[in-house]
Amino acid sequence: MDVVLVVDAANVVGSRPDGWWRDRVGATTRLLNQLATLPGAQTSAGVLGRIIVVVEGHATAVPDTPSIEVVRAPRDGDTTIIEVVTTLADPTVVVTADRGLRTRLGDVPTHGPRWLWDLLDPARS
């Protein structure tokens with residue numbers, strides 16, 4: 001069975017000091033384009049099926065990306081991630097470094113941003 005990957009975009013983008021703060025929309029768009037290569041990938045969490053990316057704040061202006069479900073948080077991203085995860089029936093993995101969010105997710109498996117970056121760019125690992 002495929003795994004649903006839910007990505008805390010602000011947390012993942014913010015995990016690399018590459019100037020993302022000067023262009024949040026651009027940095028998030030680059031992440032979305034990279035994530036579009038992952039459906040069907042075999043990972044330690046399982047085969048990636050759906051990829052859902054939660055964006056918040058200025059990053060809600062990102063364009064839609066084929067093969068990625070973009071959820072624009074009306075308030076904070078953490079609450080939206082919790083709401084999204086509670087609607088999913090398939091096995092789910094959330095990518096975030098937010099300890100508070102990880103606690104709120106309870107038994108839902110999580111990985112940190114580095115796990116995702118390693119999938120997206122194994123040469124940098």
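The values are calculated or read from the model by the stated rules, or taken from the named source; none is laboratory data. All values reported here derive from a predicted model rather than from experimental measurement. Neighbour counts run over all protein chains shown; Cβ positions are idealised from the backbone, glycine included. Protein only, heavy atoms only, side chains kept; ligands, DNA and RNA dropped before computing areas. Shrake-Rupley method; radii C 1.70, N 1.55, O 1.52, S 1.80 Å.
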Check: With 118, 90 as the choices, which residue is charged (D, E, K, R) and either touching a His at 6+ places or on another chain (Cβ under 8 Å) or farther than 21 Å from residue 29 by Cα (or both)?
Finding: 90
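Yes/no matrix, rows are residues, columns are (1) more than 24 Å from residue 83 (Cβ to Cβ); (2) without any contact (Cβ under 8 Å) to a residue 12 or more places away in the chain; (3) in contact with a Pro (Cβ under 8 Å, 6 or more places away or on another chain); (4) of a type in the set (Phe, Trp, Tyr):
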position: 18; (1), (2), (3), (4): yes, yes, no, no
position: 23; (1), (2), (3), (4): yes, yes, no, no
position: 29; (1), (2), (3), (4): no, no, yes, no
position: 47; (1), (2), (3), (4): yes, no, no, no
position: 51; (1), (2), (3), (4): no, no, yes, no
position: 56; (1), (2), (3), (4): no, no, no, no
position: 63; (1), (2), (3), (4): no, no, no, no
position: 68; (1), (2), (3), (4): no, no, no, no
Margin query: Checking residue 26 against (1) open to solvent by less than 40 Å² (accessible area, probe 1.4 Å); (2) under 12 Å from the mean Cα position of the chain (by Cα); (3) small (Gly, Ala, Ser), only one condition comes out false. Which one?
Written below: (2)
Next item on the list: Could you run through the stretch 60-100 and say how many residues are outside any helix (DSSP H, G or I), open to solvent by 50 Å² or more (accessible area, probe 1.4 Å) and small (Gly, Ala, Ser)?
Entry: 3
Next item on the list: Any chance you could count how many residues in the stretch 15-49 are at pLDDT 95 or above, within 20 Å of residue 60 (Cβ to Cβ) and not in a helix (DSSP H, G or I)?
Entry: 1
